[in-house]
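To keep things clear, I will list the structure first and then write my remarks on it.
The values are calculated or read from the model by the stated rules, or taken from the named source; none is laboratory data. Worth saying up front: this structure is predicted, and the values here are computed from it rather than measured. Because the Cβ atoms are built from the backbone with ideal geometry, glycine has one as well, and the counts that use them run over all protein chains shown.
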Amino acid sequence: MAHAVLAVVVVSLSLPLGFYSSQSYVLDDKQGLGRVFDGIGGLSGGGATSRLLVNYAEPYRSQILDYLFKPDFGASLHILKVEIGGDAQTTDGTEPSHMHYENDENYFRGYEWWLMKEAKKRNPNITLIGLPWAFPGWVGHGKNWPYDFPDITAAYVVNWILGAKQYHDLDIQYVGIWNERNFDSKYIKLLRYTLDKNGLERVRIIASDNLWEPIALSLLLDPELSRAVDVIGAHYPGTTTVSDALKTQKKLWSSEDYSTFNDEVGGGCWARILNQNYVNGHMTATISWNLVASYYEKLPFGRDGLMTAEEPWSGNYVVESPVWITAHTTQFSQPGWTYLQTVGQLAQGGSYIALTDGKGNLTVVIETMTHDHSVCIRPPLPVFNVTSQNATFLLKGSFASIKELQVWRSQFNFRTKNPSFFEKLTPLKLLDGSFTLNLVEDEVYTLTTITTGRKGSHPDPPPSARFPKIYKDNFNVRSPPFSEAPNFADQTGVFENYVNMTDPGPHTFTLRQVITERPVTWATDADQTISVIGDYQWHNLMVTCDVFMENTKTGGVFIAARVDKGGQSVRSAKGIFFWVFADGTYKVTSDLAGQTVLEEGQSGTQAYGWHTLSLTVKGQSALGLLDGNPLWNNTVVPSPKNGWAAIGTHSFELAQFDNFVVVAE
C-alpha cells in the first residue's frame, strides 16, 4: 500500500507541483455520452495458441484460467474469441474441425469447447465469438476457396454454433466470416439467412476481420449487406479508423490486436492501444491475439499472449504485465457501460478515457506510454513524444458530487527495471469535484468509484523446467477419443487419439492422422502432415515409434529429429526425417518436403502391418532401425543442429502411431 496522498494531489515523483506543465480536462456527461463499451478480450486459436494449456495438471490449469477470466482477480476478460477449427495450419499449429468430412460431425474435438466452458464458469456474462481461419477440404470441393458453395460453408459454420449449444450449452453471440481474407457479400447475406432459419437470430455477424475497407464502403452501398452485419471488425488498426466505417454507424471493433512479445514493452503496447483504440478510432472492443502463449516458444510469435503457460510438464506459468494492464480497464467497467464524450489525448502525450454505467459510477483510465516503450509488432508506430505533466480533471454533470475515487497504478520504470503493476493506492479525496495527478512517463492509472478491484494471486507455480529427456506415450489412457495427445503440436494434419475396434490387441489405442484431403488453407500448409513435440534445443536423441500405414498405394510415414520449423514456416522445415513406405521402400531426408535425400533403399514395409521405427541422431551421425534391425547408417548429418522430435505422413492420408518414445542426452 502506498503512502497517503495530500489534499487532491497524487504525487508520482517528489517534485513541486509547478515543476511540470499543467492542463485541465473535463469529465462531463451533461452534453450526452459516447459509444457503448463492448469489452476487452483475448483470442484462443488463430493458430493453436492454447494447445499446451489443456495439458496442465491441476491446480495450475485452474489458476491460469483464473488469471485470465475470473472477475475482479486478474485480466477479468469480457470477451473470449475462438477459432472454428478447420484442420489446417493457422499460425502455430492446426485446430481440428467439427466436420472432417461431409458426413461427419463431432463436437468434442479439440480444446476450444473446454476453454469456452471454463471461461463461462468463471464469468457467466463473458461474450463468446467464433471465427474460421480454414475449412476442411470438402467445403471447398477441392478448391482453396470457401465461397464457391456459400450454402455449404454457411451450413458448416452454423452447425458449429448449433453444436456449441446442443453439446456444451454454450451460446455463441458473434460469428465472423473468414479471418483476414477477402469477404463475399453473397456469402455474408446467406450466412445471415442460414442463422435466422436455424433460430439463431440472436447471433450477430462481424465482418470482415481484416481491414476497414472495402467492407465499410460495401455496407454503405448495399443496404441488405448492411442489415446482415452488426460489427465492423478490423485487425491491427493502429488505433485509427476510416470515415466510411464511421458513416456506417456500426459498432467498430479492433477484433484482433496486440500480437506482441509479452515483456514490459508488450505491456506498454497493450496499455496504449486499449485507451487509444477508442480515443483515436472509436473502437469499443479490443481483442488480443493471443489469449495465452501456450504453445512451443520457438513456433512463430513465441510469447505473444497476455500471459505465458508453455510448460505443462513442469506446471510453470508466468503472469505477464499485459494481464495487469488489462485489469486497469476490465475490473472497473463492464460491457454495456458507456464512454464519455470527454475523452482524449493528454497535452504532453498519453491519453485518457472515461466510462460510466449510467448509475453514478465513473472509471477513468490514463496512460502515458512513450513511443519506444509501447511499440506493437504491427503496424508501424509514428514518432510521438510524452513528457511528465500535471493533469487536473474536473468532474461535471452527474459526477460533480463524487467525493472519493479508488486509485490503481502501474509504473513500468524502464530506467530502474523495477516495475510495479496494478498497485492499489490510498483512495483519493476530491475537492470541489476535481483532482490533480503528477504523471510521469510510462504509467497507467485507474481512478474509479468501483471498490471491488483486486490483484488476485495464487501460490507460486513450480519452477520452470526443460521438457523431460525421457518421454513416453502409449496413447492408452485418454478420455474422450478424438482428443489430441498431450504435448504433441500438430503443424499440418490432425492427429487424434483413436480406438481400433477392428484389431484389438497391443495396438488398440493409438494416435491416428485423420485428414485425407488438403484443407481450404489459411497459411502455407506442408504437403505432408506433421506433429512436433519436445525441446527445441534437443541435439543428440533417439526417437522410437510403432507405425501403421493405411494407404496401400502411395502411403508413407516418418519419424524425425532436430525439426527446426513449424507454424506458417512448416513447409520449409529441415531436420532428419526417416520415412518408410507401403511400396516396400525407405528414405532418409534432411527436409520435410523430401527433396534432399541422404539415404534410400528397400525396407520390405507394407500397409496394414505394424512396424517399429527407431532414429538415433548423435553429433553428425544418424542410425535408423526397422523392427529392431539396422536399416541405414549415415555419418554426415547436415544442419540444423537442434530441434523437436516429430511424427507424420507422406501425404494427407490415414496412418496410426503407437508407443512413442524419445530419449535425449
The residue that is farthest from H328 (Cα to Cα), considering only those in segment 254-278 that are surrounded by fewer than 24 Cβ atoms within 10 Å (Cβ to Cβ) and either of a type in the set (D, E, K, R) or free of Cβ contacts under 8 Å to residues at least 24 places away in the same chain (or both), is D263
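Going through segment 41-100 one residue at a time, which ones are among the polar types (S, T, N, Q) and over 29 Å from F422 (Cβ atoms)?
Taking segment 41-100 and keeping what is among the polar types (S, T, N, Q), we get 44, 49-50, 55, 62-63, 76, 89-91, 94, 97.
Result: Q89, T90, T91, T94, S97.
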For residues that are surrounded by fewer than 21 Cβ atoms within 10 Å (Cβ to Cβ) and at pLDDT 95 or above, tally how many sit in segment 508-522. 4
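Answer yes or no: is there a residue in segment 526-542 that is on the phi > 0 side of the Ramachandran plot and surrounded by 24 or more Cβ atoms within 10 Å (Cβ to Cβ).
The initial filter retains those residues of segment 526-542 that are on the phi > 0 side of the Ramachandran plot, namely 534.
Of the ones still in play, those that are also surrounded by 24 or more Cβ atoms within 10 Å (Cβ to Cβ) are 534.
Yes, there is a match, as at least one residue in segment 526-542 is on the phi > 0 side of the Ramachandran plot and surrounded by 24 or more Cβ atoms within 10 Å (Cβ to Cβ).
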Determine if segment 538-549 includes at least one residue that is assigned by TED's automatic domain parsing to the domain that holds A523, under 30 Å from the mean Cα position of the chain (by Cα), at pLDDT 95 or above and more than 24 Å from T94 (Cβ to Cβ). yes
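Residue-by-condition table, conditions (1) buried (at least 22 other Cβ atoms within 10 Å of the Cβ); (2) touching a residue at least 60 places away in the same chain (Cβ under 8 Å):
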{"site": "V440", "(1), (2)": "no, yes"}
{"site": "A465", "(1), (2)": "no, yes"}
{"site": "Q491", "(1), (2)": "yes, yes"}
{"site": "T502", "(1), (2)": "no, no"}
{"site": "G505", "(1), (2)": "no, no"}
Within segment 206-227, residues buried (at least 21 other Cβ atoms within 10 Å of the Cβ) and either in contact with a helix residue (DSSP H, G or I) (Cβ under 7 Å, 6 or more places away or on another chain) or free of Cβ contacts under 8 Å to residues at least 24 places away in the same chain (or both) come out as A207, S208, W212, A216, L219
If you go through segment 488-539, how many residues are among the aliphatic types (A, V, I, L, M) and within 28 Å of N642 (Cα to Cα)? 8
What number of residues within segment 213-248 satisfy the criterion of being in a helix (DSSP H, G or I) and not aliphatic (A, V, I, L, M)? 8
Can you tell me which residues in segment 160-179 are under 23 Å from the mean Cα position of the chain (by Cα) and of a type in the set (S, T, N, Q)? Q173, N179
Buried (at least 17 other Cβ atoms within 10 Å of the Cβ), closer than 24 Å to I470 by Cβ and not β-branched (V, I, T) - does that describe any residue in segment 576-590? yes
With a cut-off of at least 3 residues that are farther than 25 Å from P461 by Cβ, name the strands (runs of 3 or more DSSP E) lying wholly within segment 293-397. 338-340, 351-356, 362-367, 389-395
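Step by step: first the residues of segment 499-537, then only those that are β-branched (V, I, T) and over 31 Å from the mean Cα position of the chain (by Cα), then the one that is farthest from V580 (Cα to Cα). Which residue is that? Spell out how you get there, then give the answer.
Filtering segment 499-537 for residues β-branched (V, I, T) gives 499, 502, 508, 510, 514-516, 520-521, 524, 529-530, 532-533.
Still in the running and over 31 Å from the mean Cα position of the chain (by Cα): 502, 508.
Working: T502: 24, T508: 22 Å.
Residue satisfying both the conditions and the ranking: T502.
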Within the group L306, L355, which residue is surrounded by 22 or more Cβ atoms within 10 Å (Cβ to Cβ), within 21 Å of G46 (Cα to Cα) and at pLDDT 95 or above? L306
Among the residues of segment 249-292, write down those that are over 23 Å from W337 (Cα atoms), among the charged types (D, E, K, R) and part of a loop (DSSP other than H, G, I, E, B). D263
Could you tell me whether E496 is buried (at least 20 other Cβ atoms within 10 Å of the Cβ), farther than 26 Å from A465 by Cβ, under 32 Å from the mean Cα position of the chain (by Cα) and touching a residue at least 24 places away in the same chain (Cβ under 8 Å)? yes
Which listed residue, of T521, T516, T492, is hydroxyl-bearing (S, T, Y) and touching a Ser or Thr at 6+ places or on another chain (Cβ under 8 Å): T492
Of all residues in segment 410-440, how many are part of a strand (DSSP E or B) and either small (G, A, S) or outside the structural domain of S374 (by TED's automatic domain parsing) (or both)? 3
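Can you tell me which residues in segment 78-126 are charged (D, E, K, R) and outside any loop (DSSP other than H, G, I, E, B)? Give the steps one after another, and end with the answer.
Keep residues of segment 78-126 that are charged (D, E, K, R), which gives 81, 83, 87, 92, 95, 102, 104-105, 109, 112, 117-118, 120-122.
Correct list: K81, E83, E112, K117, E118, K120, K121, R122.
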Are any residues in segment 133-173 acidic (D, E) and assigned to a loop (DSSP other than H, G, I, E, B), and if so, which ones? D148, D169, D171
